[in-house]
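Notes follow the structure.
The values are calculated or read from the model by the stated rules, or taken from the named source; none is laboratory data. On a predicted model such as this, the values are computed, not experimentally measured, just so you know. Neighbour counts are summed over all protein chains in view; Cβ atoms, including those assigned to glycine, are modelled from backbone coordinates with ideal geometry. In case anyone asks, the SASA skips ligands and DNA or RNA and just uses the protein heavy atoms, side chains included. Shrake-Rupley method; radii C 1.70, N 1.55, O 1.52, S 1.80 Å.
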Amino acid sequence: MNQEFDNDESLIESFVRRLSAKYDRRYWLECAKKGQPLDALWQELGKAGFLGAMAPEEYGGSGVSLTRLALLMEQLANNGMPPLMLVVSMMGAVAIAKHGTEEQKRRYLPRLADGSERFCFAITEPDAGSNSFRIRSLARRDGDEYVLNGQKVFISGVDQAEHMLVVARTIAADAAADKREGMSLFVVDTNAAGLTAHRMDTQILMPEGQFQLFFDDVRVPRENLVGKEGKAMHAMFDALNPERITAAAMGVGIGRYALSKAVEYARTRKVFNTPIGAHQGLAHPMAIAKTELELASLMAHRAAEMFDAGGDAGMYANMAKYAAGEAAVKSVDLAIQVHGGSGFMGETDVITLWPLARLMRTAPVSREMILNYIGEHVLGLPRSY
Ligand SMILES: Cc1cc2nc3c(=O)[nH]c(=O)nc-3n(C[C@H](O)[C@H](O)[C@H](O)COP(=O)(O)OP(=O)(O)OC[C@H]3O[C@@H](n4cnc5c(N)ncnc54)[C@H](O)[C@@H]3O)c2cc1C
């Protein structure tokens, strides 16, 4: 158990304050502009135990809870340096810790925990989109191996990760009696023979790029299957709530960072007799943005606590992700407005946040698919699709 971060969230705050003296927004922006990984920051997070949050202690895990991990993400993003890789790599740890074999746990978890290896997560395909069950990537058994063919799009951090958790079908969608059957999960080396990765032209300033992937007869050893063949649905869903919760924490932090810049500017900028922040036309939207960010933060904490307690975090995780995405978009838009024309200057560093904040409405799950979940699973409404 990592005692240092077990009890007090202010300890995480001071840890991030100490960290950001060395690795600040400027460091993050430099890595983002060059498309480079946040390696030095990553190693520090590993040393402090945050990368081992989802791994049991006997496999090098730290015992840091998801609640603490989400707080860490929130604090890093509050300071303008959110690591998306923390969200995607953690999903590998969750799936392997819960569904992996003993050998997989020993092989991957300690290195994920100490920061020497990273995972990315590949599910999205061009034709299937939000309808993940319709993916076409197919893994065919051939002796002690699977032969993987298909393609993926928008996969983040492929160039930074040693391994990729790939969702593929072992029964084609139209041959499965039930669409949930035949989904399988594999650990694939990012430099496996037959796998090619092309950087996509996503216009988002962040250290993690997106990649289109082609799997052309990629041979995956049978021991890399995570969980049971054709039964990956549970492993996938187990990783989705922590993904949504940490993404929500990231959205809250991005919004807070933007809002803090807006407030600072509004307190000092005078164009008539008073600082612009005295005008309620700006002050009230800022007060509303602050309120909505704090509400989203509370919901993310609630979701993380529910996950840590072993309960069903689905409703809270989805609501947190929705609320954080909306609050981040509003806050960054407002920060641009408060800065007037300066809001469009790179040096002001608010327009730079817009694509990333806007992404929070689309990925890792779109606001519409979240609302579909709440409509169907929380309110019990019939589904349209
Ligand atoms: C920067 C970035 C990083 C990403 N990283 C990863 C990653 O690491 N790994 C990965 O696997 N994927 C990743 N993704 C993919 C991301 O999860 C998807 O883009 C997202 O889930 C939406 O899927 P789509 O793009 O296919 O849109 P579509 O599914 O085509 O949807 C288009 C629009 O239609 C709406 N829509 C679709 N169906 C319905 C419905 N039933 N009801 C109402 N509205 C609907 C959607 O909400 C959306 O607004 C990333 C995407 C981006 C942009």
The range 1-99 - Rg and Dmax from Cα coordinates, angstrom: 13.3, 39
Over the chain, calculate the relative contact order: mean separation of alpha carbon pairs under 8 Å at least 6 apart, over the residue count, as a percent. 15
Using the reciprocal of the averaged 1/r over all distinct C-alpha pairs, how large is the Kirkwood radius of the chain in Å? 21.5
Gained length - Arg367 relative to Phe214, 0.36 nm times residue gap less alpha-carbon distance: 52.3 nm
Hey, can you rank 368-374, 179-185 by average C-beta count inside 10 Å, highest first? 179-185, 368-374
Quick calc, Lys179 & Leu379: beta-carbon distance into FRET formula, R0 25 Å, rounding 0.05, result 0.65
For the range 55-202 (alpha-carbon point model, no solvent) the Debye-based log₁₀ I(q)/I(0) at q = 0.17 Å⁻¹ works out to -1.08
Taking a crude spin-label model, label points 7 Å out from Cα along the C-beta direction, the Glu13 to Ala192 distance in nm is 4.5
Principal axis box of the range 162-203, alpha-carbon based, largest edge first, Å: 37, 25, 15
Residue by residue through the range 82-99, which ³J(HN,Hα) values in whole Hz follow from phi under the Karplus form 6.51 cos²θ - 1.76 cosθ + 1.60 (θ = phi - 60°), with glycine and proline marked x? x, x, 4, 4, 5, 5, 6, 5, 4, 4, x, 5, 4, 5, 6, 4, 8, 10
What's the FRET efficiency of Arg358 with Ser260 using the Cβ-Cβ distance as r and R₀ = 25 Å, to the nearest 0.05? 0.85
Return the distance in nm (one decimal) between the two label points of a simple spin-label model at Ala283 and Glu347, each offset 7 Å from Cα along Cα→Cβ. 3.0
Accessible area of the range 329-377 with a 1.4 Å probe: how many percent of it is carbon plus sulfur? 55
With N residues in the range 120-230, what two-decimal value do you get for its Cα radius of gyration over 2.2 N^0.38 Å? 1.03
Counting other C-beta atoms within 10 Å, and keeping those with at most 13, which DSSP coil chymotrypsin sites (Phe, Trp or Tyr not before Pro) do you find in the range 235-294? Phe272
Here the net charge surrounding Asp127, from other residues whose Cβ is less than 9 Å away from its Cβ (Lys, Arg +1; Asp, Glu -1), is +1
What order do you get for 325-337, 273-285 when each peptide is scored by the mean count of other beta carbon atoms within 10 Å, highest first? 325-337, 273-285
Could you check the spin-label model distance between Thr274 and Lys231? Points 7 Å from the Cα along Cα→Cβ, value in nm. 6.6
Would you calculate, for the chain, the mean residue ellipticity at 222 nm contributed by helices, counting each DSSP H stretch of 4 or more residues as -39,500 (n - 2.57) and dividing by all residues, to the nearest 500? -15500 deg cm²/dmol
Looking only at the chain, where both bridge partners belong to it, what percent of the DSSP beta bridges are antiparallel (to the nearest 5)? 85
So how do 194-203, 350-359, 240-249 stack up, highest first, on mean other-Cβ count within 10 Å? 240-249, 350-359, 194-203
Rounded to a whole %, the carbon-and-sulfur portion of the accessible area of the range 3-118 at a 1.4 Å probe is 46
Counting only protein heavy atoms with a 1.4 Å probe and every protein chain in place, the carbon and sulfur fraction of the accessible surface of the range 174-326 in whole percent equals 53
Could you report the chain's accessible area per residue, 1.4 Å probe, as an integer in Å²? 44
If each part is reduced to its alpha-carbon centroid, the range 17-70 and the range 256-312 end up apart, in Å, by 25
Given the Cα-Cα distance of Lys33 and Arg199 and 0.36 nm per residue of separation, how much length would full extension add, in nm? 58.3 nm
